1. Please count how many residues of the stretch 118-157 are loosely packed, with under 14 Cβ neighbours inside 10 Å, over 30 Å from the mean Cα position of the chain (by Cα) and over 17 Å from residue 631 (Cα atoms).
2. Would you mind stating whether residue 252 is of a type in the set (D, E, K, R), surrounded by fewer than 17 Cβ atoms within 10 Å (Cβ to Cβ) and assigned to a helix (DSSP H, G or I)?
3. Of all residues in the stretch 429-461, which are assigned to a helix (DSSP H, G or I) and over 24 Å from the mean Cα position of the chain (by Cα)?
4. Anything in the stretch 339-373 that is farther than 16 Å from residue 515 by Cα, of a type in the set (A, V, I, L, M, F, W, C) and modelled with pLDDT of 85 or more? List them, or say none.
5. Is there any pair with a first residue in the stretch 416-431 that is under 13 Å from residue 452 (Cα atoms) and crowded, with 19+ Cβ neighbours inside 10 Å and a second that is at pLDDT below 75 and among the aromatic types (Phe, Trp, Tyr) whose Cβ atoms are under 6 Å apart and which are 6 or more apart or on different chains, and what are they?
6. Only residues that are touching an Asp or Glu at 6+ places or on another chain (Cβ under 7 Å) and on the phi > 0 side of the Ramachandran plot: list them for the stretch 340-388, please.
7. Being crowded, with 23+ Cβ neighbours inside 10 Å and within 20 Å of residue 455 (Cβ to Cβ) is the filter here, so list the residues in the stretch 483-492 that pass it.
8. For the stretch 343-377, what are the residues that are under 21 Å from the mean Cα position of the chain (by Cα) and part of a loop (DSSP other than H, G, I, E, B)?
Amino acid sequence: MLALQHAGKRFGPRVLFLEADWLIRNDEKTALVGANGTGKSTLMKILAGLETLEYGSLEQTRGLSIGYLPQEGLEIAGRTVFEECLTVFDEVHEIEHEAERLAGQMAELDHESAEYQAAAERYSLMQDRLHALDAYALDAQVGSVLTGLGFGKEDWTRRTEEFSGGWQMRIALAKLLLAKPNLLLLDEPTNHLDLESRNWLEDYLKNYPFGYILISHDRYFLDVTIDRTVEIWNKRLTIYQGNYTKYLKQKDERREQIVAVYRNQRDRIEHLEAFINRFRYQATKAKQVQSRIKELDKIERIEVPEEDPVIHFKFPQPPPSGRIVAEAEGLAKSYGPKQVFAGARFNLSRGDRVALVGVNGAGKSTLIKLLTGAEAPTAGSIRLGHNVIAEYFAQDQYKALDPEARMLDDMSRAARRIPEGELRSLLGCFLFSGDDVFKPLGVLSGGERNRYALSRILVSPSNFLLLDEPTNHLDMRAKDVLLEALDGYSGTVIFVSHDRYFIDRLATRVLEIENGAIAAYEGNYEDYLRRKGIVCSSPSVAEAIPNAPQKAASQQERSASIGTTIVIEGGPGPNGSATPPAAPRPRRLNPIRQRQMEDRCAFLEEEIPRIESAIAHTEEQLAVYVSAAETQRLAALAAELRAQLAALTAEWGELMGQLEGQTI
């Protein structure tokens, strides 16, 4: 499909990669990995044809279609969301227009003429092409992808320019997925997705019929979507078979092999040099010395590339809080007529690591703001426990920073007893190195300031951390530093994240907000999905998340030794007494209506194959020319059958969605 041969790229004197060879097959599902600044995004742009190589070649097969999604920067305007997505089917629309034109020609031409015969053959080809492109179900395809990426039906008719940058990137991603290019190039596709949309994209890519290359800092996402890993390391491309976890293992093994060969070579070199130096001036040994000098000159020296330093950071431990960290009674929150949740009662205990989950707009950030006191509840109360000191990291935390302060000076003031060298190492993990640490905070971008704000929390933590999207803008290295720090943290954490790996490694409980109700589940996100009855086709936690079972067990033991677990209950009953714990409010159908829908689905499941068979039979008849009148009749019949098929398929999909979405 696509081949890099002896390829190299540089920016000025800086070499990104050289002598790169990479054959990209048509079914390849690959992750492109490497440290920040090694040239991953640049290589993606080269593959997409947006940048050129300094030397070497890039060859591709004829007719190859490539779709590229950058990290950010796309702006879409001028249409509604639905109309914008339909633009990817321009080929279908052109074929439809040509088919209409041919039908008009055939109506005017002499049915016995050669021109009519040519038009009829061309018309038949156009119909076959429309059928192959599934042209009669375009609206259903668009609706399915938009729903999966988090667009409600009310959003479909909104203008694209009304959406923020993150949602515009979702629109661009939707268009790429609908276009189904032979090779998808996705640079950080999960950056702007919530957890539910990320899960949907994961399933979509696993069933994608062609190849794709991903850049992502979401380790779990890579583990379940790829079967090959290409790393840019030491200015070279190295290819590993398997997902991201297997790549890490193979990389360690490969480095051990390189180090072993390097040591053997050093031993040989030292032995040769010692012989040469000892006998250089002895005439009787001249022949042996010259032989060893030639051997020494022929040795191709092996270099062991430097590894990125592993930073281990521990929180300065905060003063202990009381056993109960937060307590809510009859908690409710509304914004005008919109009720976010109501009647919630819960306790948070010291040492809990609670992940908040729910669709966009469910109220995750709202609940965190209520716990911090940034917003007041509409009804009920929420109280912090004894000696609880809360620290809130918001999605726009950068707004609270002093824009005039220099980064290192501001960090030093926050961390009074941590040496400057350790602070600079920590900032390096969050992608601030060299002279970056002397920049005023005001010159940083919003994402950079958020990264800095998170690193600042690590050096002076409170005993109750409330983190809203802390993993945004972090690479894997920074996430690992954050995870390790939180693992040794003695306080309480409640957090929102769309990173599966981060949630599974950190959470000891999951708190779900859905349809105005709140429910708690023991364990991490994998356990939560299992208890919800959601079948997860992803690798087990043990495979995708090393040491996760042991970590979860240790966290549960720690929580058990500290105090009670989180308890979510319903609001007070009619007599003022507490009702039993409430599960999420079920979405039930009327039993009679449910039965009618099930019967209709059963009928459609028999009718759709019958119509598909009728279409196939009609197309077979169209392939054999009998007369002009017969061709017109069969063409009209085929069009009618396809319209029926599209309508029945859409109806079946809608009914199944309603039946599957209810709680039985």
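The values are calculated or read from the model by the stated rules, or taken from the named source; none is laboratory data. Computed from a predicted model, the values in this text were never measured in an experiment. No Cβ is skipped: glycine too gets one built from the backbone with ideal geometry, and neighbour counts run over all protein chains shown.
1. Selection size over the stretch 118-157: 1.
2. yes
3. Pass one, the stretch 429-461, residues assigned to a helix (DSSP H, G or I): 429, 434-438, 441-443, 446-459.
Result: 434, 435, 436, 437, 438, 441, 442, 443, 456, 457, 458, 459.
4. Result: 348, 354, 355, 368, 370, 371.
5. Qualifying pairs under 6 Å: 426/313.
6. Of everything in the stretch 340-388, those that are touching an Asp or Glu at 6+ places or on another chain (Cβ under 7 Å) and on the phi > 0 side of the Ramachandran plot turn out to be 358, 380.
7. Here is the first cut: in the stretch 483-492, the residues crowded, with 23+ Cβ neighbours inside 10 Å are 491-492.
491, the sole residue that qualifies.
8. Going residue by residue through the stretch 343-377, those that are under 21 Å from the mean Cα position of the chain (by Cα) are 355-362, 364-365.
Scanning the stretch 343-377 gives 358, 359, 360, 361, 362.
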